Amino acid sequence: MDRKYDVKLADYIRENSYTEKFEDLDVEVKPLPDGIEGGMDTRVYKNFRMLALLKKLLPKSVFKVSFDEKGLKMIRGIFNKVDSHPMVLEKIYTDTEYVAVEGGEISLKVYRKDKTLKDLPILYYMHGGGFIAGRTEVVEEAMKLLAVKYNILIFSVNYRLAPEYPFPTGHEDCYRAFEWILENASKYGGDASKVFVAGDSAGGNLAQFITNRSLDEKLDNVRGQILLYPVLNLSDERDEFYNINFDKLPVYEKHKSAIDLAMGMMGGSMGELTKLLKVDNPKDDRISPYLNIRENNPPTLISVGEFDPLRLESFAHARKLKSKGVQVNAVYFRGMTHAYLDQVGNFPQSEICVEDMGEFIQKHS
């Protein structure tokens, strides 16, 4: 494996993780491997420090999210950028399948360790990007690492994006690809009775949607779901599960402006996003699955960073799942912001996140 950090940093996280109570939720806390308590991870801080300085110097309008044609092009440029470092040196077999959907076709990338496989658990992954951006290549290094280290058959989908394809097109695309996987995975050596759905950010929303719809259709193929810093409640519905107080956690003063920037990056954009998606009713549980959690939901891994604006939403969802009797593994990365899976090879936390995913799949296969 090739890394841009000392492997001892990943070892430190593995050896020093601990459990902490957030209200009624037991959370596995992944500590900072270096840096200062209450601060950002040193690698993350480098990325946010200059942005925080520019925000002090430039007009507020420069940092306002715009969803016009120019703004959308900029957003896609950022979200579609591949930031990972090539970590996997072993041979990985990749294929591309094309799935017919209403009005066109979508692609499925396939990752596997060996050509000859049999009865492997399947990971079906949906990338993030706010439903308007993103692509499979952004998380490809993470998929390769999972395939190599845990011998999992992986499918990663390129669903169609808004606004060109408004809601619920992306959701329907992902479900159609799920059906294709159930029908065809055996030719790659996958066991269609052992499917795990996963996604980051908006992809977490899509993963929960796949789980919910499969349950509604009386299917039992989904063994578990993995939601990484997920978007689950575009309705902004608040209830008793949202009462976690994160203010009690210390904040390193030198990093405060960078932390405030990270925590505010999605501020005010969700309402605009629902308009761009052409969501008539944000309480539609396809786009806000938080509002209608099924009691027969399979075991769930939820992972989020300390300075992610979706941390409260993520933990509220975990607590609500737990209240329905669902087995939940909640993970909290100290010092991290959004989208750390994109940084495989660059951040030790990204490597640990992949291990959490692989071990979760092994446990529930």
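Do you know which residues across segment 172-189 are more than 29 Å from Asp285 (Cα to Cα) and open to solvent by 10 Å² or more (accessible area, probe 1.4 Å)?
Hits for segment 172-189 are Ser186, Lys187, Tyr188.
Could you tell me which of the residues Val231, Val195, Val279 is in contact with a strand residue (DSSP E or B) (Cβ under 8 Å, 6 or more places away or on another chain), surrounded by 17 or more Cβ atoms within 10 Å (Cβ to Cβ), of a type outside the set (Gly, Ala, Ser) and in contact (Cβ under 8 Å) with a residue 24 or more places away in the chain?
From the options Val231, Val195, Val279, the qualifying one is Val195.
As an exercise: evaluate Ile244 against (1) part of a loop (DSSP other than H, G, I, E, B); (2) more than 30 Å from Gly224 (Cα to Cα) and give the number of the one condition it does not meet.
Single failed check for Ile244: (2).
Within segment 347-362, does at least one residue satisfy the condition of being over 15 Å from Tyr5 (Cα atoms) and touching an Asp or Glu at 6+ places or on another chain (Cβ under 6 Å)?
The answer is no; no qualifying residue exists.
In the list Asn346, Asn297, which residue meets the criterion of being over 14 Å from the mean Cα position of the chain (by Cα) and open to solvent by less than 20 Å² (accessible area, probe 1.4 Å)?
Testing whether each residue is over 14 Å from the mean Cα position of the chain (by Cα) and open to solvent by less than 20 Å² (accessible area, probe 1.4 Å) leaves just Asn297.
So which of Ile244, Ile226 is of a type in the set (Val, Ile, Thr), over 23 Å from Gly129 (Cβ atoms) and in contact with a Leu (Cβ under 8 Å, 6 or more places away or on another chain)? Show your work before the answer.
Details: Ile226 fails: over 23 Å from Gly129 (Cβ atoms).
Going through Ile244, Ile226 in turn, just one is of a type in the set (Val, Ile, Thr), over 23 Å from Gly129 (Cβ atoms) and in contact with a Leu (Cβ under 8 Å, 6 or more places away or on another chain): Ile244.
Select, from Leu291, Leu310, the only residue that is open to solvent by less than 10 Å² (accessible area, probe 1.4 Å) and among the aliphatic types (A, V, I, L, M).
Matching residue, one of Leu291, Leu310: Leu310.
Name the single residue that is least open to solvent (accessible area, probe 1.4 Å) among those in segment 243-276 being among the β-branched types (Val, Ile, Thr) and under 16 Å from Asp41 (Cβ atoms).
Applying the filter and picking the extreme gives Ile259.
If you go through segment 179-201 one residue at a time, do you hit one that is in a helix (DSSP H, G or I), farther than 18 Å from Ala147 by Cβ and in contact with a helix residue (DSSP H, G or I) (Cβ under 8 Å, 6 or more places away or on another chain)?
No: zero hits.
Hey, among Lys55, Lys21, Lys46, which residue is at pLDDT below 85 and either outside any loop (DSSP other than H, G, I, E, B) or in contact with a helix residue (DSSP H, G or I) (Cβ under 9 Å, 6 or more places away or on another chain) (or both)?
Within the list Lys55, Lys21, Lys46, the selection yields Lys55.
Taking Asn221, is it in contact (Cβ under 8 Å) with a residue 60 or more places away in the chain and open to solvent by less than 40 Å² (accessible area, probe 1.4 Å)?
no
Considering only residues that are surrounded by fewer than 22 Cβ atoms within 10 Å (Cβ to Cβ) and touching a strand residue (DSSP E or B) at 6+ places or on another chain (Cβ under 7 Å), which ones fall in segment 122-146?
Those that are surrounded by fewer than 22 Cβ atoms within 10 Å (Cβ to Cβ) and touching a strand residue (DSSP E or B) at 6+ places or on another chain (Cβ under 7 Å): Arg135, Thr136.
So which residues in segment 314-325 are open to solvent by 10 Å² or more (accessible area, probe 1.4 Å) and either within 21 Å of Tyr18 (Cα to Cα) or touching a Lys or Arg at 6+ places or on another chain (Cβ under 9 Å) (or both)? Break it down stepwise before answering.
Restricting attention to segment 314-325, the residues satisfying the condition of being open to solvent by 10 Å² or more (accessible area, probe 1.4 Å) are 319-320, 322-325.
Residues satisfying the conditions are Arg319, Lys322, Lys324.
The values are calculated or read from the model by the stated rules, or taken from the named source; none is laboratory data. Here the structure is a predicted model, which is why all the values come from computation and not from measurement. Reconstructed Cβ throughout: ideal geometry from the backbone, glycine too, with neighbour counts over all protein chains shown. For accessibility, only protein heavy atoms count, side chains too; no ligands or nucleic acids. Shrake-Rupley method; radii C 1.70, N 1.55, O 1.52, S 1.80 Å.
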